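Each value in this text was obtained by applying a stated rule to the coordinates, not by laboratory testing. Values in this document were obtained by computation on a predicted structure and should not be read as measured data. Glycine gets a Cβ as well: all are built from the backbone with ideal geometry, and neighbour counts include every protein chain shown.
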Amino acid sequence: MPRVPKWLGNTVEKVFAGQFRQVIVTETAYLDRDLKRIRFEGDLKSTRFVPGNVIEFRVSDTEYRHYTPSYYDSENGICDVIFYLHDKGPGSKWADLLETGTQVKIMGPGGRLRYNERSKHHFLFGDETSLGLFQCLKEVVQENDQEYFCVAELEKNNRSWASLAGLSAEVVSKSDEHPAREAIAILTEIKQYKSECWDAWRKATFYLTGRAKSIQAFRNALVTSGVSRSQILTQPYWAEGKYGL
């Protein structure tokens, strides 16, 4: 529910109080000017988190936003989120103002995008809004002695963000006119010049997140390359002209 009347939001919090969990901000760190990691702590023992799940915050009287944790420990009550402070909406402004000691409520976790533990190879594609997911998946993939390959479509001024988030990634430029063009070029190069590598990676689980148009373009390229639709998991985090995905 990205946007609701204030009275309805208040009513939902009262009627479904058991779905909301009180947490407190215990740590904040700016990885870069517009990239902020925040740690929330509270009683999360009753929750079950699968890497890829989202949580939801009420960021104003009328607005809600979903975010993907970069780290989640239900037993010890810890949740980390990496916020992209693009200053284009209430979620970004809300996160920028959060400081140690602030109390907020979390809904979730939940959602349809989930880490596939049966897969040996994991292909990650997204942008600035995907960095938390990338970090979370990287950790579980490495814990399970699997492999990941990451392609991050970032703005020119943000090209260092993948490494700031602790990721090994192929960083490509964004294009408003040609979504995912450089990412698709990498895919084409792997198929043409690294056939043995592609034979293994074409069986991977593909996690496509971030900009809706880039997801669509890259998904089409994968399907054209012979990747089964069942291997492709998608979660748009934003789209031009839309708010609160």
Point-charge dipole on Cβ atoms (K/R +1, D/E -1) for the chain, about Cα centre, debye to 20: 780
Using DSSP to define loop residues, name the trypsin sites (Lys or Arg not before Pro) in segment 30-63 whose beta-carbon has at most 12 other beta-carbon atoms within 10 Å. 33, 45, 48
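Hey, could you grab the Kirkwood Rh for segment 97-245? Inverse mean 1/r over distinct alpha carbon pairs, Å, one decimal.
Working: mean 1/r = 0.0616 Å⁻¹.
Result for segment 97-245, one decimal place: 16.2 Å.
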Within segment 131-210, list the GluC sites (Glu not before Pro) lying in a DSSP loop whose Cβ has at most 14 other Cβ atoms in a 10 Å radius. 155, 177
Between 66, 151, 122, whose Cα lies farthest towards the positive end of the dipole of the chain when Lys and Arg beta carbons carry +1 and Asp and Glu beta carbons carry -1, centred on the Cα centre? 66
Once exposed loop chymotrypsin sites (Phe, Trp or Tyr not before Pro) are cut out (DSSP; at most 14 other Cβ, 10 Å), longest piece of the chain: 17-242
Sum -39500 (n - 2.57) across every DSSP H segment of at least 4 residues in the chain, then divide by the residue count to get the 222 nm mean residue ellipticity, nearest 500. -8000 deg cm²/dmol
Here the FRET efficiency for residue 176 versus residue 19, based on Cβ atoms and R0 = 35 Å and rounded to 0.05, is 0.40
So if we plug the beta-carbon distance of residue 74 and residue 168 into 1/(1 + (r/R0)^6) with R0 = 30 Å, what FRET efficiency do we get, rounded to 0.05? 0.65
Each residue of segment 50-66 in order: what ³J(HN,Hα) in whole Hz does its phi give by Karplus 6.51 cos²θ - 1.76 cosθ + 1.60, θ = phi - 60°, with x for Gly and Pro? 10, x, x, 4, 10, 10, 10, 10, 8, 9, 7, 4, 10, 10, 10, 9, 9
Determine ³J(HN,Hα), in whole Hz, for all residues of segment 135-141 in sequence, where each value follows from phi through the Karplus function 6.51 cos²θ - 1.76 cosθ + 1.60 and θ = phi - 60°; x replaces Gly and Pro. 5, 5, 5, 4, 4, 6, 4
Please determine, in degrees from 0 to 90 and to the nearest 10, the orientation of helix 181-193 with respect to the longest principal axis defined by the Cα atoms of the chain, where the helix direction is its Cα long axis. 40
Residue of 190, 38, 215 that the Gaussian network model of the chain assigns the largest fluctuation, springs spanning Cα pairs under 10 Å: 190
Given the options 183, 200, 212, state which has the largest fluctuation in a GNM of the chain using a 10 Å cut-off (strictly under) for Cα springs. 200
Relative to the longest principal axis of the chain, what angle (0 to 90°, nearest 10) does the C-alpha long axis of helix 212-224 take? 30
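Using 0.36 nm per residue, how much length does the chain from residue 97 to residue 189 gain when fully extended, once their Cα-Cα distance is taken away? The partial results should precede the final answer.
Numbers: separation 92, 0.36 × 92 = 33.12 nm, distance 4.31 nm.
Going from the current span to full extension adds 28.8 nm.
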Determine the relative contact order of segment 106-152: mean sequence separation of Cα pairs under 8 Å and six or more apart, normalised by residue count, in whole percent. 49
Does a label point 7 Å from the Cα of residue 223, set along Cα-to-beta-carbon, have any residues of segment 114-129 with amide nitrogen under 20 Å, and which are they? 114, 123-126
